[in-house]
Protein chains: 2
Amino acid sequence: MRILVVEDDADLNRQLATALEEAGYVVDSAADGEEGHFLGDTEPYDAVVLDLGLPKLDGLSVLENWRRDGRTMPVLILTARDRWSDKVAGIDAGADDYVAKPFHMEEVLARVRALVRRAAGHASNDLTCGDVRLDLRAGRVTVAGAPIKLTSHEYRLLSYLLHHQGKVISRTELTEHLYDQDFDRDSNTVEVFVGRLRKKIGSDMIETIRGLGYRLGASVDQ
Amino acid sequence: MRILVVEDDADLNRQLATALEEAGYVVDSAADGEEGHFLGDTEPYDAVVLDLGLPKLDGLSVLENWRRDGRTMPVLILTARDRWSDKVAGIDAGADDYVAKPFHMEEVLARVRALVRRAAGHASNDLTCGDVRLDLRAGRVTVAGAPIKLTSHEYRLLSYLLHHQGKVISRTELTEHLYDQDFDRDSNTVEVFVGRLRKKIGSDMIETIRGLGYRLGASVDQ
DNA sequence: TCCCGCGTGTCACGTTCATGTCGCGTTCAG
DNA sequence: CTGAACGCGACATGAACGTGACACGCGGGA
């Protein structure tokens, strides 16, 4: 999962990025409205954390522009506690959720989890497929009840596949969502990680669609 | 289905081609207006993705020429966000849809799907014929509810037949729409793939019209 | 500071599998 | 009956994919 953080306070931006990365997301940061708007328009994010008070282009305008252009990724807005009117305007502009500043990092993490979940059409914090169960909150994975240890990249890969189970995910889509902007796209890294993940969760979970990509679950037979 | 991409930015052109190919289309690329115009005039495309800012011959002129020559294939125009006037001019010139740059690949794919669908006279993203059902979005095929595995060429063949069910499709038409420019037209590849497809979806689905080609569905007889 | 373990990305090599071609048998029209 | 069109099993080939090994960087601990 790849998250965009748009926040002009450098300290807060870094804190958010660190916390999200520790939670297993890939994070891109933007320091002002223009940069944030551009990134959200060109890169495929699974969620956005958007401050409202931004230089160059304020958060509400950024959000409105995105929605007008048909960008539907979930957006979590950071707003000062007393700016009730901002909250109302945010709803109108198409925000999906709010956190009032100052906030507890835990709360932001929980809401981001919920947004990503809902965007993929899941209701619970536990994603399952067959014997595999992933607890988004604790960041733990079990196979048939037994906990297994995943590295951070393996966890991201599994999480993305579980969020989109049943769909065919191409190698390019995986690299776009598992790595940040600049990454060499010509390598077999993805295949290697799919192999490592298969070794840990059982090789029959992830199906290879030759020439297209991979698919988890919904392999009713064959 | 065969798509023409006319876009001078080599990077973007490649990205579009890759994404479309992953979605199961055959893609030809053109880097300037003249090349695009020539290809669109001489090859039978099921849809065109056309940038407006092109060297040698701009996109609007290309489109106008095609329409004047009676080419009716659906055209999706890529336009810069702020060039509202281009959009209006595009409508007048006979474009079928628009996407503002920068765009998300998902959006382009969805619109191309819709264009190809509409051109063939279908409203839904599910194409069915008898027990056979093809989900254009997920790229999945079921026979009597049971999912079956198709290779990419088999999928393209079935997709084309379903889009034109009831009509007799000649071998040359199939090779022209299932392969790109340079392909040896003197072989029995099509027959082989029809055979393979028949084996998977039931041999009574595809009817052979001796001397003319194949027909799917509407087999009321003669 | 040095060493060690670990996660990661790259490479080389082996394997699988989709594809196109060939050859022969079968069907069909005249 | 004859030839052309088509069906089908089989095979070669090359690309896509899987896998083990290794090098590098980084962080922790002695």
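The values are calculated or read from the model by the stated rules, or taken from the named source; none is laboratory data. The model shown is predicted, which means the values in this text are computed figures rather than measured ones. Note that we place each Cβ from the backbone using ideal geometry, even for glycine, and neighbour counts take in every protein chain shown. Please note that ligands, DNA and RNA were not included when accessible areas were found on the heavy atoms of the full protein model with its side chains. Shrake-Rupley method; radii C 1.70, N 1.55, O 1.52, S 1.80 Å.
Mind ranking B:Leu197, A:Leu212 by accessible surface for me, highest first, 1.4 Å probe? Let's see the in-between values first.
Working: B:Leu197 0, A:Leu212 50 Å².
Ranked from most to least accessible, the order is A:Leu212, B:Leu197.
How much accessible surface area, in Å² rounded to 10, belongs to the heavy atoms of B:Arg111 with a 1.4 Å probe?
Surface open to solvent at B:Arg111 totals about 70 Å².
So what are the three principal axis dimensions of region B:44-105 from its Cα atoms, in whole Å, longest to shortest?
That gives 30, 22, 22 Å along the principal axes, largest extent first.
Give me the accessible area of A:Ile201, 1.4 Å probe, in Å² rounded to the nearest 10.
10
Evaluate the Debye formula for chain A with equal point scatterers sitting on the alpha carbons, no solvent, and hand back log10 of I(q)/I(0) at q = 0.12, 0.13, 0.17 Å⁻¹, in q order, two decimals.
With one equal scatterer per Cα and no solvent, log10 I(q)/I(0) is -0.66, -0.76, -1.19.
Just for the protein assembly as shown, what percent of DSSP beta bridges are antiparallel, to the closest 5? Mind showing how you got there, number by number?
On the way: 34 of 70 bridges.
Taking every DSSP beta bridge with both residues in the protein assembly as shown, the antiparallel ones total about 50 percent.
Heavy-atom accessible area per residue, region A:2-119, 1.4 Å probe: how many Å²? Mind dumping the intermediate values first?
Working: 5050 Å² over 118 residues.
Computed with neighbouring chains in place, this is 43 Å² per residue.
Where along chain B is the Cβ that lies nearest the axis linking it to chain A, and how many Å separate them?
Spelled out as residue then distance in Å, it is B:Ser124, 1.
Output, in nm with one decimal and in ascending order, the distances from the A:Ala138 label point to the matching label points of the other copies (7 Å from Cα along Cα-to-Cβ).
So the label point of A:Ala138 gives 3.1 nm to the other copies.
Suppose we take every Cα in region B:109-222 and form the convex hull; what volume per residue is that in Å³? Don't skip to the answer; put the middle values down first.
Numbers: hull volume 12.7 nm³, N = 114.
Measuring per residue, one finds 111 Å³ for the Cα hull of region B:109-222.
Can you list the residues of region B:89-131 whose accessible area drops by at least 40 Å² going from the chain on its own to the full set of protein chains, with a 1.4 Å probe?
Going by heavy-atom accessible area, the residues of region B:89-131 that drop by at least 40 Å² are B:Pro102, B:His104.
Where does region B:6-116 land on Rg(C-alpha)/(2.2 N^0.38 Å)? Intermediate values should be presented prior to the final figure.
Numbers: Rg = 12.5 Å, N = 111, 2.2 N^0.38 = 13.2 Å.
Its radius of gyration relative to the 2.2 N^0.38 Å reference: 0.95.
Take the alpha carbon atoms of region A:106-120, find their center, do the same for region B:1-77, and report the distance between the two centers in whole angstrom.
Region A:106-120 and region B:1-77 have Cα centres separated by 40 Å.
How big is the convex hull of the Cα atoms of the protein assembly as shown, per residue, in Å³? Mind showing how you got there, number by number?
Values: hull volume 73.2 nm³, N = 444.
Output value, Cα hull per residue: 165 Å³.
Just checking the output field for A:42-49: average partner chain Cβ neighbours within 10 Å of each residue's Cβ? Don't skip to the end; give the middle numbers.
On the way: counts 4, 2, 3, 1, 0, 0, 0, 0.
For peptide A:42-49, the averaged partner shielding equals 1.
Treating the point 7 Å from Cα along Cα-beta-carbon as the label, what are the nm separations from A:Gln15 to the other copies, to one decimal?
So the distances to the same position in the other copies read 3.4 nm.
Calculate, in whole percent, how much of the Cα-Cα pair population of region B:59-139 lies beyond 16 Å. If you can, show how the numbers build up before the last one.
Details: 1898 of 3240 pairs.
Roughly 59 percent, once rounded to a whole number.
Roll a 1.4 Å probe over the protein heavy atoms and report the accessible area of A:Phe193 in Å², nearest 10.
About 40 Å², rounded to the nearest 10.
Total Å² of accessible surface buried at the A-B contact, 1.4 Å probe, nearest 100? List each step's numbers first, then the result.
Values: alone 11180 and 11110 Å², together 20960 Å².
Accessible area lost upon association: around 1300 Å².
Of B:Thr175, A:Thr208, which has the most accessible area with a 1.4 Å probe, and how do the rest follow in descending order? Could you put the intermediate results ahead of the total?
Details: B:Thr175 15, A:Thr208 70 Å².
Sorted by accessible area, descending: A:Thr208, B:Thr175.
In whole percent, how big is the carbon plus sulfur part of the accessible area of chain A, probe 1.4 Å, protein atoms only?
Details: 5000 of 10540 Å².
Whole-percent figure for carbon plus sulfur exposure: 47.
Ranking request for peptides A:152-159, B:164-171: highest mean number of other beta-carbon atoms within 10 Å first, then the rest in descending order.
Working: A:152-159: 19.8, B:164-171: 16.4.
Peptide ranking by packing, descending: A:152-159, B:164-171.
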